[in-house]
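Worksheet: one structure, shown below.
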Amino acid sequence: MLGVKEKPAKSRSAALLILLAGGLAVALWACSAPERSAPGAPEEVISVWVSIVPQKYFVERIGGDRVDVEVMVPPGFSPATYEPRPSQVEALAGADMYVQIGVPFDDAWMSRIRALNQVMLVVDQSQGIDRIDARDPHIWLSPRLVKVQARTIFEALVELDRDYEGFYRANLEAFLVDLDELDTRIERGLSGLETRKFIVFHPAWSYFAHDYGLEMIPVRVEGGDPSAAEMAELIRIARANGIKVIFAQPEFSTQSAETIAREIDGRVLLISPLAPDWMENLARVADTFAEVLGKQEQ
């Protein structure tokens with residue numbers, strides 16, 4: 001069992017009656033229809049809600065046009081502070097599935113979300129993941145860990161929509177191939193760097209850094225700004241390692257990052273862990289790391 005409750009199969013009896021009543025016409029239609037239109041499967045798509053934007057990409061890669069995915073925390077908002085709009089709360093009452101991932105929004109709101117819709121399948125996308133840092137929920141920034149998460153999503157969709165298991169499995173396998181290719185590309189691009197240390201304003205990249213042998217030095221820890229002493233230490237570390245770029249996240253203030261950049265005669269670059277084009281975004285971030293870290297002086 002992946003979620004809180006199993007959602008009953010939808011309209012199976014009605015679909016069976018229609019199938020029997022249709023006789024030969026239905027049989028002929030079945031022979032010519034593509035897999036995603038196979039008889040016996042529910043005609044309506046699965047209503048899925050997710051916590052953050054990148055999850056929408058994952059669910060759609062596996063669910064294809066069998067899913068209608070909505071995001072609780074819209075682009076540009078922080079999962080640490082967002083509160084659902086009344087329209088979102090109302091829509092959740094009719095959802096088939098909710099996929100949480102362990103961001104602060106989930107911790108604050110999941111008990112209330114469950115209460116809104118007790119027959120909705122609630123799936124924890126982080127299940128089966130060994131966390132390397134309890135403070136960092138950004139497991140979706142590791143292509144290797146996303147392979148585990150993709151299988152969890154696949155199993156949840158099959159639990160709700162078993163007639164389309166073959167469709168979901170084919171999508172899963174294609175996604176896993178793309179993830180392996182992305183992983184290989186990033187690993188090659190980040191090999192042989194002059195330095196492997198980088199300073200980032202929001203500590204979102206520990207899983208990415210762990211996978212590819214980088215060392216993340218966070219400016220902002222647990223939602224707070226660094227003290228004067230911490231700022232001084234970060235400036236010292238940057239100078240000692242020849243770091244000239246401070247990475248920041250567009251969803252947060254960059255004031256502290258800009259202060260450090262001025263002190264080291266450097267600059268601030270924005271990288272987002274919440275971009276909707278997940279695969280392209282991660283490839284771009286990796287290219288940015290390769291360019292910046294490859295040019296730094298030790």
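Looking at region 236-245, can you tell me whether even one residue there is surrounded by fewer than 17 Cβ atoms within 10 Å (Cβ to Cβ) and of a type in the set (A, V, I, L, M, F, W, C)? Within region 236-245 (the criterion being surrounded by fewer than 17 Cβ atoms within 10 Å (Cβ to Cβ) and of a type in the set (A, V, I, L, M, F, W, C)), the answer is yes, since at least one residue qualifies. Evaluating residue 162 against the criteria (1) modelled with pLDDT of 95 or more; (2) under 17 Å from the mean Cα position of the chain (by Cα) leaves one unmet condition, (2).
Which one of these is outside the structural domain of residue 74 (by TED's automatic domain parsing) and either more than 24 Å from residue 225 (Cβ to Cβ) or in contact with a Ser or Thr (Cβ under 6 Å, 6 or more places away or on another chain) (or both): 248, 257, 240? Break it down stepwise before answering.
Working: 257 fails: either more than 24 Å from residue 225 (Cβ to Cβ) or in contact with a Ser or Thr (Cβ under 6 Å, 6 or more places away or on another chain) (or both); 240 fails: either more than 24 Å from residue 225 (Cβ to Cβ) or in contact with a Ser or Thr (Cβ under 6 Å, 6 or more places away or on another chain) (or both).
Just one listed residue meets the conditions, 248.
Just one of the numbered conditions (1) assigned to a helix (DSSP H, G or I); (2) farther than 21 Å from residue 126 by Cβ is not true of residue 242: (1).
Quick grid of which residues meet (1) farther than 27 Å from residue 294 by Cβ; (2) surrounded by fewer than 13 Cβ atoms within 10 Å (Cβ to Cβ); (3) assigned by TED's automatic domain parsing to the domain that holds residue 67; (4) touching a helix residue (DSSP H, G or I) at 6+ places or on another chain (Cβ under 6 Å):
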{"site": "128", "(1), (2), (3), (4)": "yes, yes, yes, yes"}
{"site": "167", "(1), (2), (3), (4)": "yes, no, yes, yes"}
{"site": "171", "(1), (2), (3), (4)": "yes, no, yes, yes"}
{"site": "198", "(1), (2), (3), (4)": "no, no, no, no"}
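Residues that are β-branched (Val, Ile, Thr), in a helix (DSSP H, G or I) and under 17 Å from residue 278 (Cα atoms) within region 57-97 comprise 59, 62, listed in sequence order. Please tell me if residue 269 is in a helix (DSSP H, G or I), closer than 18 Å to residue 197 by Cβ and in contact with a strand residue (DSSP E or B) (Cβ under 7 Å, 6 or more places away or on another chain). It is false that residue 269 is in a helix (DSSP H, G or I), closer than 18 Å to residue 197 by Cβ and in contact with a strand residue (DSSP E or B) (Cβ under 7 Å, 6 or more places away or on another chain). If you go through region 98-127 and keep only what is among the hydroxyl-bearing types (Ser, Thr, Tyr), without any contact (Cβ under 8 Å) to a residue 40 or more places away in the chain and either over 22 Å from residue 78 (Cβ atoms) or not in a helix (DSSP H, G or I) (or both), you end up with just 126.
Let me confirm something: among 23, 3, 64, which residue is within 28 Å of the chain's Cα centre (by Cα), modelled with pLDDT under 50 and farther than 26 Å from residue 202 by Cα? First the steps, then the outcome.
Working: 23 fails: within 28 Å of the chain's Cα centre (by Cα); 64 fails: modelled with pLDDT under 50.
Residue meeting the stated conditions: 3.
Which residue, of 209, 108, 204, is in contact with a His (Cβ under 7 Å, 6 or more places away or on another chain), surrounded by 14 or more Cβ atoms within 10 Å (Cβ to Cβ) and closer than 30 Å to residue 255 by Cα? Lay out the reasoning, then the answer.
Working: 209 fails: in contact with a His (Cβ under 7 Å, 6 or more places away or on another chain); 108 fails: in contact with a His (Cβ under 7 Å, 6 or more places away or on another chain).
Of the residues listed, the single one that is in contact with a His (Cβ under 7 Å, 6 or more places away or on another chain), surrounded by 14 or more Cβ atoms within 10 Å (Cβ to Cβ) and closer than 30 Å to residue 255 by Cα is 204.
The values are calculated or read from the model by the stated rules, or taken from the named source; none is laboratory data. Predicted, not measured: the structure shown is a model, and the values here were computed from it. With ideal geometry, Cβ positions are generated from the backbone for all residues, glycine too; neighbour counts draw on all protein chains shown.
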